[in-house]
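Written out below as structure tokens is the structure these notes cover.
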């Protein structure tokens with residue numbers, strides 16, 4: 001009689017919960033018997049304008065080189081980023097989306113010097129779920145600080161930092177709630193964090209900020225050498241399917257991130273498309289305009305229906321609807337995909353991406369009908 005042996009993984013790996021992305025259109029079509037073309041997806045904070053025309057042209061031009069490995073150092077993309085953000089190329093790390101950057105930071109810094117040492121990261125309640133898994137996959141602990149008005153309580157987060165803390169995760173604007181803290185608040189927070197603790201500032205939705213709220217992240221990185229700023233091309237730049245993001249950090253930190261980065265983590269098509277998208281200001285401006293107009297309409301609808309919402313600086317709004325599971329399913333049957341946020345501790349809420357005007361109008365009509373029926 002033989003005993004079956006199985007590979008053994010650390011207990012903390014078994015405790016990880018796979019990240020639940022927004023429901024795909026194809027899956028919804030299969031489950032509900034709907035034509036794919038009839039379904040609108042307002043679940044994943046994608047840019048409803050689609051890929052920028054300049055990025056599509058760049059991909060077409062480079063497709064014939066698909067048999068070759070991509071540039072592992074992303075020289076051309078880093079050059080374009082350096083020019084755009086007025087920073088040196090050796091301050092830039094490329095990632096397979098910004099979630100790759102979050103994981104690189106965890107792998108590089110969330111390891112105890114000695115096995116018996118405690119090691120933790122600090123984040124806010126209602127923060128991006130991918131942070132949880134990135135931290136726990138290293139064996140470190142995640143300390144979540146209760147939110148303040150659905151956003152970061154920076155004072156409480158600073159107080160939560162201990163000698164065992166290696167990384168602090170911030171998002172500005174925050175996902176999934178859309179909250180925002182000012183440059184003054186951020187600077188005051190950074191002043192309180194020890195220089196040997198990395199602060200990861202996730203700015204995935206930065207391009208959707210209203211002009212009066214914008215600030216120079218690169219100047220902050222120069223002032224605070226323990227700061228890592230993460231950006232992505234998945235949101236306002238319209239390249240979610242190509243997976244390309246980047247980090248801005250001091251050369252010392254950048255060198256460490258590149259030591260744990262996969263060699264070819266950003267493919268050739270993504271690099272070419274990102275370079276083109278970076279200079280397509282007309283597309284970016286139109287994305288911002290369309291989003292701000294849609295946000296205002298979302299607020300008006302919520303006020304009309306008496307629904308609580310959180311003011312958002314992203315391209316989405318979280319709305320308190322009561323029985324979110326029931327409403328989520330009712331919307332799916334109508335071919336409208338939104339996002340449940342129960343895993344964030346927001347069981348009565350739904351997060352809805354701002355879409356094209358006709359997509360928003362369809363969601364508004366469905367919500368009016370369903371809220372009236374359930375009232």
At 0.890 mPa s and 25 °C, Stokes D of the chain from Kirkwood alpha-carbon radius, µm² per second
112
Gain in span if fully extended, residue 264 to residue 299, counting 0.36 nm per residue against the direct Cα distance
8.3 nm
Evaluate E = 1/(1 + (r/R0)^6) for residue 368 and residue 37, where r is the Cβ-Cβ distance and R0 equals 30 Å; express this FRET efficiency to the nearest 0.05.
0.80
Using DSSP, restrict attention to beta bridges with both residues in the chain and report what percent are antiparallel, rounded to the nearest 5.
45
Return 363, 189, 316 ranked ascending by Cβ neighbour count within 10 Å, so the fewest neighbours appear first.
189, 363, 316
Extension length gain for residue 30 and residue 17 (0.36 nm per residue less Cα distance), in nm, is 2.2 nm
So how do 243, 222, 231, 259 line up by other beta-carbon neighbours within 10 Å, fewest first?
259, 222, 243, 231
How much length would be gained if the chain were fully extended between residue 90 and residue 156, taking 0.36 nm per residue of separation minus their Cα-Cα distance, in nm to one decimal?
20.4 nm
Using Cβ contacts closer than 10 Å as the measure, can you line up 153, 216, 100 from fewest to most?
216, 153, 100
Once you've got the GNM for the chain with C-alpha springs shorter than 10 Å, pick whichever of 325, 121, 67 has the biggest mean-square fluctuation.
67
Two-site label geometry, residue 212 and residue 185: point separation in nm, points 7 Å out along Cα→Cβ:
1.6
Point-to-point label distance, residue 292-residue 252, nm (Cα→Cβ direction, 7 Å offset)
4.0
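Every read-out reported here was derived from the displayed coordinates using simple, explicitly stated rules and does not represent laboratory data. Just so it is clear, the structure is predicted and the values come from calculations on it, not from any experiment. Because the Cβ atoms are built from the backbone with ideal geometry, glycine has one as well, and the counts that use them run over all protein chains shown.
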